[in-house]
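Q: Got a structure here, written out as structure tokens. Questions coming.
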Amino acid sequence: MERKLEREQVFCLVFEQALRQDGADEILKDAAEIRDFIATDYIENTFTGVCSRLAEIDAAITPHLTRWTLDRISKPALALLRLAVYEILYNEDIPAGVAANEAVELAKKYCDEKDVAFINGVLGAVIRQNGCK
């Protein structure tokens, strides 16, 4: 499966987790049963990584939310931020700029224009703060 498609699948899982508040294993199991979902190593590792580091990821996002809080961000935008920040901070195989760009491209598909700019700005700030390339 192409990485863009895998990333989109992870986004859907992270979005679902934000709505359901269930554990990663339960969401993966349900996705496989209900949607004929087949998890690749990237999908499983990235999704479980996001879930296991959710507090750290949210802590990396929060300082860059000028006049916003996590609970005010739309669920799709929050899911994209969480996925991209996970890739930026914890996946050395993916350049930070690629992770940010892919999140912005998914935002163009699943979010409104304001969310796209917001996601781009927050991810740029996270990249700068962490000295990522």
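Q: Just the residues that are assigned to a helix (DSSP H, G or I), more than 20 Å from CYS51 (Cβ to Cβ) and open to solvent by less than 30 Å² (accessible area, probe 1.4 Å), please, taken from segment 79-114.
A: Across segment 79-114, the qualifying residues are ALA96, ALA100, VAL104, ALA107.
Q: Give segment 55-78 a look and list any residue that's under 14 Å from VAL14 (Cβ atoms), aliphatic (A, V, I, L, M) and part of a helix (DSSP H, G or I), or say none.
A: ILE57, ILE61, LEU70, ALA77, LEU78, listed by residue number.
Q: Going by the conditions given, is ALA32 at pLDDT 95 or above and among the small types (Gly, Ala, Ser)?
A: no
Q: Contact list please: Cβ distance under 8 Å, first residue in segment 81-96 and closer than 17 Å to GLU8 by Cα, second residue in a loop (DSSP other than H, G, I, E, B) and at pLDDT 95 or above, pairs at least six apart or on different chains.
A: TYR86/ARG53
Q: Any residue in segment 115-133 that's more than 19 Å from LYS75 (Cβ to Cβ): show its pairings with residues that are assigned to a loop (DSSP other than H, G, I, E, B) and not polar (S, T, N, Q) at Cβ separation under 7 Å, as long as the two are six or more apart or on different chains.
A: Listed pairs, sorted by first residue: LYS133/PRO95.
Q: I would also like to ask the following. So SER52 clears everything in (1) at pLDDT below 95; (2) farther than 21 Å from ASN101 by Cα except one condition, right? Which one?
A: Just one mismatch for SER52, condition (1).
The values are calculated or read from the model by the stated rules, or taken from the named source; none is laboratory data. It should be emphasised that the depicted structure is a prediction, and the values quoted were computed from it without experimental measurement. Cβ: placed from backbone, ideal geometry, glycine included. Neighbour counts: every protein chain shown. Side chains are part of the model used for accessible areas, which takes the heavy atoms of the whole protein and leaves out ligands, DNA and RNA. Shrake-Rupley method; radii C 1.70, N 1.55, O 1.52, S 1.80 Å.
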